[in-house]
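Following: one structure in structure tokens, then a few remarks.
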């Protein structure tokens, strides 16, 4: 391979830049000439918004900063390739740019939509006898890509959620029973509840944990929820509940839509999916008379590189490296997957897998990992998730705040 | 002094426990027999909810954990002592408990309301020839206590705000101009804008900073705000704005109340002061058609001990130590104050000051530190605040999350 290019797509994470770093590192090991970065994913690529990653990552200091930089260093996009039929010119343009820059392999880090891009491009290349290779690198805090044991990005978001919930739980327990507060914390995840499940990791010897966890995998029963709160309020002096933004009632309605019939839609005419914690806090206050508070982790949970998981950062880097190694061995139309060994000690290996079995498939939390009666995660989930949040890669602080690497 | 007691009151912070640790440390140095802790402040004290701090802090390991534990280890309260006239029995009860436990000095860490308690009790003691001493220890993320240069708790909250905003700014800049998002971040501070001002600390060589800062010290002009956003949207591909929860329009209305005439009040019949960012995000979306996002730091900003300022932790500890030293020298009815030297290098000394000039007085951000035209903080503020967020005291991680010290 002469030159290669890498890009990022979809929602940013705290560790996606480590995958870009890994791609660069392995490429240099293999003597690849130029490692290009597409700015704003395939969308920027189509406008030839392309940079030379060597300009940034050659220095060891910058490489270390890159691993500590949240969000997409290269910029991201939410551009989904159109279907081939009737849109040949988009595909022709992509391949003409690849040829112009003498790019032999194209790497794309992202979630479901990004893997769809890899599928479309590798299929096109095969059908049109193009020699360029296309490899996917898994990255999503949602952890919902199939085949791979877990996704880079998840461990760090889970570590942020567990760490912040421990602090929220302590804060909420400041006052005595007469000032009991029901604190409802909303966590990302529209369909899969992996992130919300991570709330279970807050519980340990020095923390009582959250009192209940509500995942989108289960139908949300408002009456049962209120009964649960009233029951907890009888004995506890602090209640903290974790809910997924995606929880729905039996009629398929998002919780944040309850009582919103008259609520204004946003400027584009659609109701925004947010405020589920705030909706529930309002209902609880009205139905129980208890003091309530709603907290949304919002983009903090996907951007908090200052408390990222070292395991996650290392795996993100290795996933990038594996993608280049696989392309160097002629692989295309595949995504890097993480395989966990059966041994008691947590070890993983990296493999690649046919993108057709991955793109557009969502992996939900296993049904038998959820205790739907107690609204808690079972020990099988804790055993799965605990290793993913281990270790810290401390930020490089300057003037009291972490330093990042940014594009000039 | 034979025995002493310490308590916490008001909103918790990431470093208030360091003051408790400091009280214990200095007391042991001085050979004081027992250091009691009141559980849930003066409210718990009245019920004799009292623990022996030695049971927790004797071990060096626990002492270190205490300095890394957010929120109020001892529990807090929002109990304001009634005025003496007609409520003599409350005061008599307090002094009878002090006598029962042979307590010679009473230390109270907190903000304005807590200092009122110290004032009332020390006044009562003087008037009734009681020998017990009463000392206040400043603690408030709001940083609004007078006389003292700054308040323990502020530096850590400011460090969290600056660190998280840097991450939010990176996240919000992920996409290109076609997906421009206006992100409005709501920061605590009902009357004084110190915490919101800390948003200015996000700006450095690797971060463009927030685009505007709106403090409660200035009247909030919605039309000007919208004009500012429209102006920024012309050139920028990401907009991040910091607003205080307490900003008010010219008619004295909180921004979160705009358009809320028909909004439901909470269970207690009062409108909750929250959602100012969310109110503004809705207005911006409707008026400009731009994509918006609202983020509230909520209790995270006062509980995030995992990214606390070492300077702040050390000063909180020293404030506790100073309070005991002062009482040991016979002082009463005073609060510990931090004095900053005039030298270029940041150094502080600890003194004490008459509580009558402190209790119930709120210190606002200096008018000439605010650039009300550019909606930014001037360099005088940055020079004031930057030293307060320096240094880190890393959490002790176990199983991937920070360990805290909790009451049995």
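Label-point spacing at residue B:31 relative to the other copies reads 7.8 nm, in ascending order, each point sitting 7 Å out from Cα along Cα→Cβ. Projected onto their three principal axes, the Cα atoms of region A:312-408 cover extents of 52, 46, 29 Å, largest first. In the P(r) worked out for region A:175-267, what percent of Cα pairs fall beyond 23 Å? Cα-Cα pairs of region A:175-267 separated by over 23 Å account for 31 percent. Using alpha carbon centroids, what distance separates region B:128-205 and region A:333-408, in Å? About 32 Å separates the Cα centre of region B:128-205 from the one of region A:333-408. Report relative contact order for region A:1-138 in percent, whole number only (criteria: Cα-Cα under 8 Å, sequence separation at least 6). Averaging sequence separation for qualifying contacts and normalising by length gives 33 percent for region A:1-138. Each of A:293, B:170, B:386 was scored by other Cβ atoms within 10 Å of its Cβ. Arranged with the fewest first, they read B:386, A:293, B:170. Our Cα-only numbers for chain B put the radius of gyration and Dmax at 22.4, 73 Å. Could you state the angle between the C-alpha long axis of helix B:222-235 and the longest principal axis of the C-alpha atoms of chain B, as a value from 0 to 90 degrees rounded to the nearest 10? That helix lies at roughly 60 degrees to the long axis.
With respect to chain A, whose longest principal axis is taken over its alpha-carbon atoms, helix A:276-288 is tilted by about 0°.
To the nearest Å, what is the center-to-center distance of region B:87-121 and region A:294-330, using C-alpha atoms only? So the separation of the two Cα centres works out to 53 Å. Going from the fewest other Cβ atoms within 10 Å to the most, the residues A:235, B:299 appear in the order A:235, B:299.
Between A:306, A:356, A:128, the Gaussian network model of chain A with springs among Cα atoms under 10 angstrom shows the greatest mean-square fluctuation at A:128. Mean separation of Cα pairs under 8 Å and 6 or more residues apart, divided by the residue count, gives chain A a relative contact order of 23 percent. Axis angle, to the nearest 10 degrees, between helix A:310-328 and the longest C-alpha principal axis of chain A: 30 degrees.
Of A:225, A:397, A:254, the residue with the greatest mean-square motion in the GNM of chain A, using alpha carbon springs below 10 Å, is A:397. Kindly identify region A:25-164 as rounded, prolate or oblate by the Cα gyration tensor criterion: order the square roots of the eigenvalues as a ≥ b ≥ c, call it rounded if a/c is under 1.5, otherwise compare a/b with b/c, prolate if a/b is larger, else oblate. Taking the square roots of the gyration eigenvalues as a ≥ b ≥ c, region A:25-164 is oblate.
For region B:156-230, the relative contact order works out to 33 percent when only alpha carbon pairs closer than 8 Å and six or more residues apart are counted. In plain terms, the bigger the Kirkwood radius, the slower the diffusion; for region B:1-87, with that radius from Cα pairs, at 10 °C and 1.306 mPa s, Stokes-Einstein puts D at 118 µm²/s. Does the protein assembly as shown come out rounded, prolate or oblate, given a ≥ b ≥ c as the square roots of the eigenvalues of its C-alpha gyration tensor, rounded meaning a/c under 1.5 and, failing that, prolate meaning a/b above b/c? Prolate, since a/c reaches 1.5 and a/b exceeds b/c. Label-point distances for residue A:227 to the equivalent site in the other copies, using a point 7 angstrom along Cα→C-beta, read 5.8 nm when ranked shortest first. When the Gaussian network model of chain A links Cα atoms closer than 10 Å, the mean-square fluctuations of A:331, A:100, A:80 top out at A:100. With the cut-off at 1.5 for a/c, could you classify region B:331-383 from its C-alpha gyration tensor as rounded, prolate or oblate? It comes out oblate by the Cα gyration axes. Peptide A:386-399 has a mean shielding of 3, counted as Cβ atoms of other protein chains within 10 Å of each residue's Cβ.
Distances between copies at residue B:2, taken between label points 7 Å from Cα along the C-beta direction, are 9.1 nm in increasing order. When the helices of the protein assembly as shown are scored as -39500 (n - 2.57) per DSSP H run of n ≥ 4 and the total is divided over every residue, the value at 222 nm lands at -10500 deg cm²/dmol.
FYI, it's all coordinate maths here, none of it is from the lab. These numbers were taken from a predicted model, which means no experiment stands behind them. Cβ coordinates were reconstructed from backbone atoms using ideal geometry, including for glycine residues, and neighbour counts include every protein chain displayed.
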